[in-house]
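Right, one structure below, let's go through it.
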Amino acid sequence: MRLHRFIVPGLDLRADSLGIADRDLAHQLRSVLRVKVGEQIIVCDGGGTEAVGTVREYREDAVIVEFAAPYALGTEPARAVTLCVAVTKRDTFEWACQKATECGATKIIPVISERTVKQNLNLQRLRSIVREAAEQSGRGVVPQIGDITKFEELVAFHAGERYIAALGDAANLADVYLGDEVTVAIGPEGGFSEREVAAAKENGWVAVSLGSRVLRAETAAAIAAYLAAR
Ligand code: SAM
């Protein structure tokens, strides 16, 4: 049977037995998943290391777990990938963040662009979706969800190796030689405007293609994360 897996950022897995003071985790284990004392779980420290643990005791706000030797995970991409995704309808945006997490994104920045229709987001819900996706997919870290950022600020102030996914005859992201840290921007349902693509290029962003077909914004986000993290 596949063991339930959790990411508890900052946990020191070198200790043999540990009280994890996390009320939500204790509740989820005990009352939702009904993991009994004596059963095993996997806990990751959010820094690329995990260990198999045996649940020894439940307390009010904590669970006591006895750990076997920790081991390094090999599931994190070598490259840090920041995905800047224009906010779309709630379900498609959440889907994009979930899939981008599975595909290796390190950080996701929600962006308000010219053609963004929906402007608000439930960041807490989004963080929990991303955390579950990281746990489910065996990630060693939970991608960070950045602040909601206006497109103009993003293109003007974001530094490093930056790409903007846009329809056209630019090089395919799959064929671009990438460094250790890359940023890729994905437009909303109606795409980036010509003015936005031009402004990005003026600020050092490079236009890239994701292939010859027009992908939905959420599909583009997942594919871009996958190609950038490769
Ligand atoms: N009609 C819109 C347009 O002309 O841009 C289509 C937008 S598409 C549904 C949403 C976003 O996904 C785009 O802004 C772009 O960032 C990305 N995208 C979708 N397909 C793409 C492709 N083949 N190459 C590059 N980016 C793509």
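The values are calculated or read from the model by the stated rules, or taken from the named source; none is laboratory data. If you're wondering where the values come from, they're calculated on a predicted model, not measured in any experiment. Cβ coordinates were reconstructed from backbone atoms using ideal geometry, including for glycine residues, and neighbour counts include every protein chain displayed. Quick note on the areas: whole protein, heavy atoms, side chains included, nothing else; ligands and nucleic acids left out. Shrake-Rupley method; radii C 1.70, N 1.55, O 1.52, S 1.80 Å.
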* Six or more apart or on different chains, Cβ under 6 Å: which pairs go from a residue in region 185-198 that's within 15 Å of Ala170 (Cα to Cα) and in the same structural domain as Lys107 (by TED's automatic domain parsing) to one that's more than 6 Å from the ligand (Cβ to nearest atom) and part of a helix (DSSP H, G or I)? Could you list them? => Ile186/Ala221; Ile186/Ala224
* **Count - residues of region 193-230 that are more than 25 Å from Arg90 (Cβ to Cβ), more than 9 Å from the ligand (Cβ to nearest atom) and not hydrophobic (A, V, I, L, M, F, W, C)** => 7
* **Flag if Tyr226 is among the hydroxyl-bearing types (Ser, Thr, Tyr), part of a loop (DSSP other than H, G, I, E, B), open to solvent by 50 Å² or more (accessible area, probe 1.4 Å) and modelled with pLDDT of 95 or more** => no
* Asked: Any residue at all in region 135-153 that is within 13 Å of the ligand (Cβ to nearest atom) and open to solvent by less than 60 Å² (accessible area, probe 1.4 Å)?
  -> yes
* Asked: Between residues in region 25-41 that are on the phi < 0 side of the Ramachandran plot and residues that are hydroxyl-bearing (Ser, Thr, Tyr), which pairs lie under 9 Å by C-beta distance while being six or more apart or on different chains?
  -> Ala26/Tyr58; Leu29/Tyr58; Arg30/Tyr58; Val37/Thr54; Val37/Tyr58; Glu39/Thr54; Gln40/Thr54; Ile41/Thr54
* Any idea how many residues of region 158-169 are open to solvent by 60 Å² or more (accessible area, probe 1.4 Å) and among the charged types (D, E, K, R)? -> 1
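Restricting to region 64-88, count the residues that are outside any loop (DSSP other than H, G, I, E, B) and crowded, with 17+ Cβ neighbours inside 10 Å. Steps first, answer last, please.
Applying the first criterion (outside any loop (DSSP other than H, G, I, E, B)) to region 64-88 yields 64-67, 71-72, 80-86.
Narrowing the set further to residues that are crowded, with 17+ Cβ neighbours inside 10 Å leaves 64-65, 67, 80-86.
Final tally of qualifying residues: 10.
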* To do: Specify the residue that is farthest from the chain's Cα centre (by Cα); the eligible residues are those in region 75-123 that are among the basic types (Lys, Arg) and more than 15 Å from the ligand (Cβ to nearest atom).
  => Arg90
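Would you be able to tell me the number of residues in region 95-107 that are outside any strand (DSSP E or B) and either open to solvent by 20 Å² or more (accessible area, probe 1.4 Å) or aromatic (Phe, Trp, Tyr) (or both)? Step through it out loud before you land on a result.
We begin by selecting, within region 95-107, every residue outside any strand (DSSP E or B); these are 95-106.
Now narrow it down to the ones that are either open to solvent by 20 Å² or more (accessible area, probe 1.4 Å) or aromatic (Phe, Trp, Tyr) (or both): 95, 98-99, 102-103, 106.
Total satisfying the criteria: 6.
State whether the residues of region 170-188 include one that is open to solvent by 70 Å² or more (accessible area, probe 1.4 Å) and within 12 Å of the ligand (Cβ to nearest atom). If you could, list the steps in order and put the result at the bottom.
First pass over region 170-188, keeping only residues open to solvent by 70 Å² or more (accessible area, probe 1.4 Å): 175, 177, 180-181.
Next, only the ones that are within 12 Å of the ligand (Cβ to nearest atom) stay: none.
No.
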* Criterion: in a helix (DSSP H, G or I) and either touching a residue at least 24 places away in the same chain (Cβ under 8 Å) or among the polar types (S, T, N, Q) (or both) - qualifying residue of Ala156, Ala170 -> Ala156
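Looking only at region 22-36, count how many residues are surrounded by fewer than 14 Cβ atoms within 10 Å (Cβ to Cβ) and part of a loop (DSSP other than H, G, I, E, B).
Taking region 22-36 as the starting set, the residues that turn out to be surrounded by fewer than 14 Cβ atoms within 10 Å (Cβ to Cβ) are 23-24, 31-34, 36.
Remaining after also requiring part of a loop (DSSP other than H, G, I, E, B): 33-34, 36.
Summing the residues that are surrounded by fewer than 14 Cβ atoms within 10 Å (Cβ to Cβ) and part of a loop (DSSP other than H, G, I, E, B) in region 22-36 gives 3.
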* Taking Val35 as the residue in question, decide whether it is of a type outside the set (S, T, N, Q) and either at pLDDT 95 or above or touching a His at 6+ places or on another chain (Cβ under 8 Å) (or both). => yes
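Of the residues that sit in region 37-58 and are among the charged types (D, E, K, R) and not in a loop (DSSP other than H, G, I, E, B), which one is surrounded by the most Cβ atoms within 10 Å (Cβ to Cβ)? Talk me through it step by step, then tell me what you get.
If we filter region 37-58 for residues that are among the charged types (D, E, K, R), which is where we start, we get 39, 45, 50, 56-57.
Still in the running and not in a loop (DSSP other than H, G, I, E, B): 50, 56-57.
On the way: Glu50: 25, Arg56: 14, Glu57: 12.
Checked region 37-58; the qualifying residue surrounded by the most Cβ atoms within 10 Å (Cβ to Cβ) is Glu50.
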